[in-house]
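The values are calculated or read from the model by the stated rules, or taken from the named source; none is laboratory data. Owing to the predicted nature of the structure, the values given are computational and were not obtained by experimental measurement. Reconstructed Cβ throughout: ideal geometry from the backbone, glycine too, with neighbour counts over all protein chains shown.
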Amino acid sequence: MIKVGITGQAGFIGTHLFNYLNTKKEEIQIVPFEDSYFADNDKFLQFVQSCDAIVHLAAMNRHGDPNVIYQTNIKLVTQLIEALETTKNKPHILFSSSSQEERDNLYGKSKKEGRNLLAQWAVNNQSVFTGLVIPNVFGPFGNPYYNSVIATFCHQLTHNEQPKIEVDGLMKLIYVGELVTAIYKAIVEKMNLHEFQVPHTSEFKVTEILKRLTHFKTSYFEQGIIPRLESNFDIHLFNTFRCYIDLNTFFPFFYKQNTDDRGVFVEIMKTEIGGQFSFSTTKPAITRGNHYHTRKIERFSVIKGEAVICLRRIGSNVVFEYHLSGEKPSFVDMPVWYTHNIRNVGDTELYTTFWINEFFNPEDADTFFELV
């Protein structure tokens with residue numbers, strides 16, 4: 001069992017890494033960390049002493065004064081080194097740097113100097129060090145106007161704002177799920193590499209990314225149609241886009257009912273991709289689900305009976321609750337990293353149809369149990 005601590009645990013990458021490592025409980029035990037520990041020397045020393053590996057993500061990357069960014073990031077590194085020296089602990093240190101190391105800015109300079117300081121500490125103490133030089137990262141729950149231009153575009157498109165492109169540069173990208181998988185492997189393999197250029201997994205111009213996101217808005221956000229997703233990047237980008245939709249107002253998304261003398265006809269799903277359709281019957285007072293997915297796209301549709309669908313993001317206590325009725329058919333889609341369930345709250349059997357974007361594979365189910 002490897003005891004892993006994550007500085008900056010509450011940040012964008014830190015949250016995803018924390019959640020991902022929680023799916024590896026047979027190998028990993030997470031040592032809790034809060035940003036306040038940097039201001040509490042006893043708690044910080046206790047944290048450092050408790051770890052077999054520390055992933056140092058804590059950093060500042062936005063501020064009106066670049067000198068504050070530089071000074072803050074160097075201070076966080078030196079504080080970590082001082083704690084390591086005080087405790088005499090020699091954990092595996094993994095440092096999150098940036099591809100901006102080679103740019104002429106103080107943020108890039110702070111990351112490169114911080115990586116070199118920790119690398120030298122590792123040499124002096126014969127410890128394992130992994131210096132991660134990371135390309136542009138995108139994914140669910142990134143802060144718009146802060147973490148990435150993709151986060152900003154997604155927020156703007158789902159809030160009826162018009163994105164603007166300032167520089168149509170070529171972006172080398174990695175999805176946050178791919179990044180935390182790489183960090184996990186570096187931990188378990190004890191990668192000892194003072195400069196590891198984390199490879200990007202996609203490369204697009206800003207205009208091409210905005211074009212795809214705009215299509216997601218037109219097809220999915222406005223019409224409820226699952227767009228064509230031809231690559232892993234498309235799936236990652238779509239899952240990212242979906243996480244910026246306001247769940248308080250978007251769902252339930254009501255179907256169009258076409259009624260004539262024969263009855264009612266409802267198109268349950270229009271999709272530009274394939275996937276798996278299924279249905280279930282659920283007896284009164286029975287609950288199904290209580291699990292979450294990290295990559296799958298899934299839709300629940302109630303066509304007969306009365307149901308309550310609940311969603312809760314992993315790591316949050318906020319529960320979204322939706323009442324669906326077969327009298328007015330509707331659906332709810334399951335965002336990634338949201339545990340979800342469906343409960344029959346009526347007196348008769350509940351009929352629910354399901355669609356998911358990939359066939360069930362028991363060897364890679366991407367299904368993790370957690371009560372809503």
query: Does region 119-132 hold any residues that are touching a helix residue (DSSP H, G or I) at 6+ places or on another chain (Cβ under 6 Å) and within 27 Å of ASN19 (Cα to Cα), and which are they?
result: PHE129, THR130, GLY131
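Residue-wise test of (1) within 22 Å of the chain's Cα centre (by Cα); (2) under 30 Å from VAL180 (Cβ atoms).
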| position | (1), (2) |
| --- | --- |
| ILE268 | no, no |
| SER280 | no, no |
| ARG288 | no, yes |
| ASN317 | yes, yes |
| HIS323 | no, no |
| PRO329 | no, no |
message: Filter region 112-151 down to the residues that are modelled with pLDDT of 95 or more, on the phi > 0 side of the Ramachandran plot and within 28 Å of the chain's Cα centre (by Cα) and list them by number.
response: GLY139, PHE141
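Quick one: which residue in THR294, THR339, THR352 is outside the structural domain of THR181 (by TED's automatic domain parsing), among the polar types (S, T, N, Q) and either surrounded by fewer than 16 Cβ atoms within 10 Å (Cβ to Cβ) or over 27 Å from the mean Cα position of the chain (by Cα) (or both)? So that I can check it myself, show each step before the final result.
Numbers: THR294 fails: either surrounded by fewer than 16 Cβ atoms within 10 Å (Cβ to Cβ) or over 27 Å from the mean Cα position of the chain (by Cα) (or both); THR339 fails: either surrounded by fewer than 16 Cβ atoms within 10 Å (Cβ to Cβ) or over 27 Å from the mean Cα position of the chain (by Cα) (or both).
Answer to the selection: THR352.
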- prompt: Is it fair to say ARG299 is assigned by TED's automatic domain parsing to the domain that holds LYS328 and out of contact with any strand residue (DSSP E or B) (no Cβ under 7 Å at 6 or more places or on another chain)?
  reply: no
- prompt: Which is surrounded by fewer than 17 Cβ atoms within 10 Å (Cβ to Cβ), among the acidic types (Asp, Glu) and either within 17 Å of PRO252 (Cα to Cα) or over 27 Å from the mean Cα position of the chain (by Cα) (or both), of ASP347, ASP333?
  reply: ASP347
query: Does any residue of region 257-265 turn out to be in contact with a helix residue (DSSP H, G or I) (Cβ under 7 Å, 6 or more places away or on another chain) and of a type outside the set (A, V, I, L, M)?
result: no
